[in-house]
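Worksheet: the structure to be examined is printed underneath.
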Amino acid sequence: MTTRQIVIDVPETVLLSEKTDEEAFARELRMLAAVKLYELGRLSSGRAAELAGIPRVEFLLSLGRYKVFALEAELSDLEQANA
């Protein structure tokens, strides 16, 4: 799998307020981005899990922590098919 690196400048005050280091903060940003893009329907659960760097099942199980329903996209697809 080919990957690309994206660099984001983060003020040190943000890291201090989060009480975290760069590596942990980067992991959390990847997860938050994956969750939000999944929630918006812009990424499938598989692609979102890829972005988060975790297995799909683990990603789906972790969505509750972010108050995101794991099968929202699938339900939307079913509702549109029945409309």
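The values are calculated or read from the model by the stated rules, or taken from the named source; none is laboratory data. These numbers come from a predicted model, not from an experiment. With ideal geometry, Cβ positions are generated from the backbone for all residues, glycine too; neighbour counts draw on all protein chains shown.
Looking at the stretch 59-75, is at least one residue at pLDDT 90 or above and under 23 Å from GLN5 (Cα atoms)?
yes
For the stretch 4-83, give me every one of the helices (runs of 4 or more DSSP H) that falls completely inside it and has 3 or more residues that are surrounded by 14 or more Cβ atoms within 10 Å (Cβ to Cβ).
Values: elements: 12-18, 22-39, 45-52, 56-62, 72-82.
Counting at least 3 such residues, we get 22-39, 45-52, 56-62.
I'm trying to understand the selection: among the residues of the stretch 8-29, which are over 22 Å from GLU50 (Cβ atoms) and touching a residue at least 12 places away in the same chain (Cβ under 8 Å)?
Step one: filter the stretch 8-29 for residues over 22 Å from GLU50 (Cβ atoms), giving 9-21.
Of everything in the stretch 8-29, just one residue is over 22 Å from GLU50 (Cβ atoms) and touching a residue at least 12 places away in the same chain (Cβ under 8 Å), namely VAL10.
Show the residue pairs meeting these rules: Cβ distance below 9 Å; 6+ apart or different chains; first residue within the stretch 37-54 and over 12 Å from VAL68 (Cβ atoms); second residue among the polar types (S, T, N, Q).
ALA52/SER62; ILE54/SER62
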